[in-house]
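The values are calculated or read from the model by the stated rules, or taken from the named source; none is laboratory data. Since the model is a prediction, treat every value here as computed from it, not as a measurement. Quick reminder, even Gly has a Cβ in these numbers, built from the backbone with ideal geometry, and neighbours come from all protein chains shown. We work out accessible area using only protein heavy atoms, side chains counted, and drop any ligands, DNA or RNA first. Shrake-Rupley method; radii C 1.70, N 1.55, O 1.52, S 1.80 Å.
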Amino acid sequence: MHLLIRAGCYPFRLLRYTFTFCWKLFCRRPRIIFAYTSVGLMSCLLLCLQPKKRSSSKRAKPAGEPTDDEPNPTLFPDRQTTNVKENQRSIPDREPTEGRQNQESIPDQEPTEDGEKQESISDREPTDKEENAGHNEPYRVERTDLLYCEYDTTWETLADSQSDRRPRGSTQRAYDYEFNRFENAAKDMYNYRHDYPLPMGRSYHRRKQGTDMPNLTFYLGERASEPDGFSIGEFHKTWRGDFSRLERVHSFVQWIFPLQEVGMNDEAFVLTKQEIEAFRKDETAKLNLQQSYRLMLDFYGIELSNPETGAVGRASNWPERFENMNWHTHNNLRLTRILKCLGTLGFRHYQAPLVRFFLEETLVQGKLPAVKESVLNYFLFAVLDRAQRRELVRFAFWNYEPREKFIWCPKKIQEAFLWEGRPAGCSNPADPSSEELRQVEEENNDFIQTEL
């Protein structure tokens, strides 16, 4: 009882002390008390107005009308009324219509998937609706996927995906370094496959463009390279087998494998649209390009076993040439340029066999460890044919060790690969167990639920 009486006195003491303090302050500093009083009156006025504003914004809803926490049954007839938090954390199971693609975060450019802008070219890649009609449902991914990359157009993106960006959190930290490197590479390869809709940086403004199709005239033997001064015929005769010069000189690659990008040689010319179309129609230029490809394959210890299909295999000098590739990693950049050039100038069917060869040598045979990262980040996504690119990613997934650290396709695609089973020709002996498949699925679902 005594404690209750003392507790009841505390409010009166507080009021008395407050009144005394305010009286002394008013007598000594009337301007200060006037300012405090004004602030207090304004605060009280705002507090009085706030409940009225809040109450006026809400209206009584008629019976049968869904509340804010419930979805409208007329708009979503297939959904059950659930809590709003459960709706936000679950992944919608709606199936998009055929051919829908989400391109909100990718620049809205005219070129379509994988360089389909040039309609006049006969080997145009079919559209997604033509090529994948009825077969692409397992390859539709959410933007909220743990390993979603906006520049990797190998997979369709759901148009009604919940988020514009892939969320990042503690689960993502294990993938951050490798995945960031993959994203940077994917942006470059996306730019190549879609006919360069994105700016290419400072070097883009320093490029040279000739009016007389300099790259085509070089391959026809009508002009010499700069600054080395050799013709295409001299290059094939005198440079073949001269591995020391091919390794040491860096200014010839931009002439032998021209692109629509600027290289290390400022005296070289970038390809133009007119050059590309004329080059593809000229059989002499294409035969010379094939000879240049054979010459560089020999430099890397590889031989072209079938010129029709582009199949390649090990050459007799492969041990010392593989060792050279492991020591001089700048050849990875050259190989990326070669793959881009093949796809640009009419030899796109040569891309997939060469990439498959490097996947075999890096992931299965383990002979080219210094090339492994470039194969997965660059070579693989230089392949213009989407169906072939998917098969190569699938082959890489089944042969990569450890498989749980594979970051070159979304988690949903990895689940699809596990359900489909091992592809033919995959030599990895470890079969996925039901526990491994469940672990991959739960990892992606838990990440989405915790990060949304």
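The set of residues in segment 223-273 being within 24 Å of Y192 (Cβ to Cβ) and of a type in the set (F, W, Y) consists of F252, W255, F257, F269.
Every condition in (1) over 23 Å from Y350 (Cβ atoms); (2) surrounded by fewer than 23 Cβ atoms within 10 Å (Cβ to Cβ) holds for P410 except the one numbered (2). The residue list Q388, Q365 contains one member that is at pLDDT 95 or above and under 23 Å from Q290 (Cβ atoms), which is Q388. The condition of being touching a Gly at 6+ places or on another chain (Cβ under 8 Å), closer than 21 Å to R223 by Cβ, in a helix (DSSP H, G or I) and of a type outside the set (S, T, Y) holds for only one of F279, F357, that being F279.
Please enumerate the residues belonging to segment 344-393 that are free of Cβ contacts under 8 Å to residues at least 60 places away in the same chain, among the hydroxyl-bearing types (S, T, Y) and open to solvent by 20 Å² or more (accessible area, probe 1.4 Å). Across segment 344-393, the qualifying residue is only S374.
One residue stands out among those in segment 259-276 that are over 10 Å from L345 (Cβ atoms) and part of a helix (DSSP H, G or I): the one that is least open to solvent (accessible area, probe 1.4 Å), which is K273.
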